[in-house]
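**Student:** Structure below; questions to follow.
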């Protein structure tokens, strides 16, 4: 919504309409002085508490912890899509949310390992993309078949942190089975 000199411009709520409506504001409903006073603190964060026993460092630590919790909820909602929109029964909703929570735990653990190692910590979105992107192509037949793998450096970094053996760009299918305990030929059928 645009606010210009006490006049509010907004789209019509009727579907298919493209005209705008003008509404005049009354001075009592719009306190310009309050807005200007609040604007003086733009860019600052304020922690409001009634606990007088806390020091500034305690308040900062509590806020930092709260920020981490809020960021985890944001990750659950946005990146992991924890809202069970396609699930209607209570057991399925619980199962969906449990899987999303386990995903969040794995992601946070990987981020912890990355920070502990001193390297760059991947964002949740970046990590999910790195895990989702690898692909494999089987060339040939039977045990002589060669698996051509397309893996990113980010994926290899995650596999190394988890103690997994590296997947090579090209490898024989039996070697791939031994490393991953997956049978790529079963997925083709």
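**Student:** Expressed in nm to one decimal, what extension gain is obtained for the pair residue 129 and residue 58 from 0.36 nm per residue of sequence separation less their Cα-Cα distance?
**Tutor:** 21.9 nm
**Student:** Going by C-beta contacts inside 10 Å, put 105, 100 in order with the fewest on the left.
**Tutor:** Ascending number of Cβ neighbours within 10 Å: 105, 100.
**Student:** With a/c under 1.5 counting as rounded, go ahead and sort region 56-127 into rounded, prolate or oblate using the C-alpha gyration tensor (a ≥ b ≥ c being the square roots of the eigenvalues; past the cut-off, prolate if a/b is larger than b/c, else oblate).
**Tutor:** The shape class here is oblate.
**Student:** Let me ask another. Let me make sure I get this right: for region 73-189, a, b and c are the square roots of the gyration tensor eigenvalues over alpha carbons, sorted descending. Under 1.5 in a/c it's rounded, otherwise prolate if a/b > b/c, else oblate. Which is it?
**Tutor:** oblate
Read the figures in this text as sums done on the coordinates, not as results from a lab. Computed from a predicted model, the values in this text were never measured in an experiment. Note that each Cβ is placed from the backbone with ideal geometry, even for glycine, and that neighbours are counted across all protein chains shown.
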